[in-house]
Amino acid sequence: MQFESFADFLAMGGYAFYVWLSFGVTFVAMAIIAVQSFIKHRGLLKQVVVEKERKARIKKARQQQQDNA
Amino acid sequence: MWKWLHPYAKTERAYQLCLTLQPWFWVGALVCLSIGTVWGLAFAPQDYQQGDSFRIIYIHVPSAILSMGTYVAMAIAALVGMVWQWRTAYMSMIAMAPIGAVMTFIALFTGAAWGKPMWGAWWVWDARLTSELILLFLYMGVIALYGAFEDKQQAGKAAGVMALVGVVNIPIIHYSVEWWNTLHQGATISKFDNPSIAPEMLWPLLISLLGFAFFIGAVTTVRLRNEIVLREMHRPWVQALAMKAMSKQQSDAASTFVKEGN
């Protein structure tokens, strides 16, 4: 450990603002792109299911129309 | 020689490959980034000139190196797409672009936060900084151009040409510190015969670099799968996969509901 105490560690030898700003923004940016990718994945899978069910409904309605005619 | 690669041109195989690689990439990223960050922040010795501000190196250098590495990977994917007409190649190109842009942003931002205490300025229009900013614009250009086409095969070709032309910027970034007078310091770790960094400082840097690389790989696998699902929406295997994922989610939700009911 290069620091005497935890407070010393947080102070970063007087560069606390720059060091913690850098690490903070970096990990927030990485978290955003990771989470966004997963959210998009779920949305896409849902979209596939909705689309498939819509197609099935259309097909069924057509079938009924033909049967009635 | 490259024949083993050909099955992965099929989207289904590429999707499976992503699923296989993904957990390893995430674990690798988590482990290496944790070790690299803690080691770099708390255990690496202070720099004799820059004190503790030099610790920004543990995110600045990996993100800067990999912003260029990801660009080269993206351009190779574009080239493969053009030469062999692989749709999956264009898909991986566009899957990599956003994470590359994020890496470039991180490199620029941490560079600014390091430049302020050391140079006295957040930003200067010097060769290294300006060429890295152009890299960010190239990534954005590739993403925007791809988004501008309705036909995604056309989009891949157009954005691919742009990605390939932009490769000229990569050696410019790398040699900018030698070709021009600049505030930015020269290369540190790419001089393997005579590295100008102490080993106690170098090790956490290499681990951090590996962690960033794993992270880029992990995000790319997720985004490539997204791209495949989007483009192959009407294929039966995608529909089966989506039905399975959604019904599993519903049954998970139902079981928690039952638990709460009890």
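The values are calculated or read from the model by the stated rules, or taken from the named source; none is laboratory data. Bear in mind the structure is a predicted one, so any value in this text is a computation, not a measurement. Using ideal geometry, Cβ is built from the backbone for each residue, glycine included, and neighbour counts are taken over all protein chains shown.
If the condition is being surrounded by fewer than 22 Cβ atoms within 10 Å (Cβ to Cβ), part of a helix (DSSP H, G or I) and either at pLDDT 95 or above or not β-branched (Val, Ile, Thr) (or both), then region B:81-91 contributes B:Met82, B:Trp84, B:Arg87. Cβ separations smaller than 7 Å between residues 6+ apart or across chains give the following pairs from region B:25-45 residues that are in a helix (DSSP H, G or I) to residues that are modelled with pLDDT under 90 and not β-branched (Val, Ile, Thr): B:Ala42/A:Met1; B:Ala42/A:Gln2; B:Ala42/A:Phe3; B:Ala42/A:Phe9; B:Phe43/A:Met1; B:Phe43/A:Gln2.
Scanning region B:46-80 for residues that are modelled with pLDDT under 95, assigned to a helix (DSSP H, G or I) and among the hydroxyl-bearing types (Ser, Thr, Tyr) yields B:Ser53, B:Tyr58. Could you go through region A:2-10 and let me know if any residue there is of a type in the set (Ser, Thr, Tyr) and at the interface with another protein chain (Cβ under 10 Å from one of its Cβ atoms). The answer is no; no qualifying residue exists.
Residue-wise test of (1) modelled with pLDDT of 90 or more; (2) among the hydroxyl-bearing types (Ser, Thr, Tyr); (3) part of a helix (DSSP H, G or I).
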site: B:Pro171; (1), (2), (3): yes, no, yes
site: B:Lys191; (1), (2), (3): no, no, no
site: B:Ser196; (1), (2), (3): no, yes, no
site: B:Ile216; (1), (2), (3): yes, no, yes
site: B:Ala240; (1), (2), (3): no, no, yes
site: B:Ala253; (1), (2), (3): no, no, yes
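A search for C-beta distances below 6 Å between a residue of region B:216-231 that is charged (D, E, K, R) and any residue that is in a helix (DSSP H, G or I), counting only pairs 6+ apart in sequence or on different chains, returns B:Arg223/A:Ser37; B:Arg223/B:Ala95; B:Arg225/B:Tyr15; B:Arg225/B:Cys18; B:Glu227/B:Met91; B:Glu227/B:Ala95. Sub-6 Å Cβ pairs linking a first residue in region A:23-45 that is basic (Lys, Arg) to a second residue that is surrounded by 13 or more Cβ atoms within 10 Å (Cβ to Cβ) and in a helix (DSSP H, G or I), at least 6 apart or interchain, are A:Lys40/B:Asn226, ordered by first then second residue.
The set of residues in region A:13-35 that are assigned to a helix (DSSP H, G or I), more than 19 Å from B:Pro62 (Cβ to Cβ) and at pLDDT below 95 comprises A:Gly13, A:Gly14, A:Ala16, A:Phe17. Inside region B:214-241, residues that are touching a Lys or Arg at 6+ places or on another chain (Cβ under 8 Å) and more than 7 Å from chain A (Cβ to nearest Cβ) make up a count of 1. If I filter region B:208-224 for residues that are within 20 Å of A:Ala56 (Cβ to Cβ) and in contact with a Ser or Thr (Cβ under 9 Å, 6 or more places away or on another chain), do I get at least one hit? Checked against the condition, which is being within 20 Å of A:Ala56 (Cβ to Cβ) and in contact with a Ser or Thr (Cβ under 9 Å, 6 or more places away or on another chain), region B:208-224 yields no hits at all. Please find, among B:Leu209, B:Leu164, the residue that is assigned to a helix (DSSP H, G or I) and within 28 Å of B:Gly28 (Cβ to Cβ). Matching residue, one of B:Leu209, B:Leu164: B:Leu209.
Hey, could you check region B:25-52 for residues that are among the hydrophobic types (A, V, I, L, M, F, W, C) and either surrounded by fewer than 18 Cβ atoms within 10 Å (Cβ to Cβ) or in contact with a strand residue (DSSP E or B) (Cβ under 7 Å, 6 or more places away or on another chain) (or both) and say which is farthest from A:Asp8 (Cα to Cα)? Looking at the filtered set, the residue picked out is B:Val27.
Would you point out which residue out of B:Met118, B:Met68 is closer than 18 Å to B:Gly186 by Cα and within 12 Å of another protein chain (Cβ to nearest Cβ)? Of the residues listed, the single one that is closer than 18 Å to B:Gly186 by Cα and within 12 Å of another protein chain (Cβ to nearest Cβ) is B:Met118.
Kindly evaluate A:Lys46 against the criterion of being in a helix (DSSP H, G or I) and surrounded by 11 or more Cβ atoms within 10 Å (Cβ to Cβ). Judged against the criteria, A:Lys46 is a match. Out of curiosity, is B:Leu135 under 23 Å from A:Phe27 (Cα atoms) and either in contact with a helix residue (DSSP H, G or I) (Cβ under 6 Å, 6 or more places away or on another chain) or not in a helix (DSSP H, G or I) (or both)? Judged against the criteria, B:Leu135 is a match.
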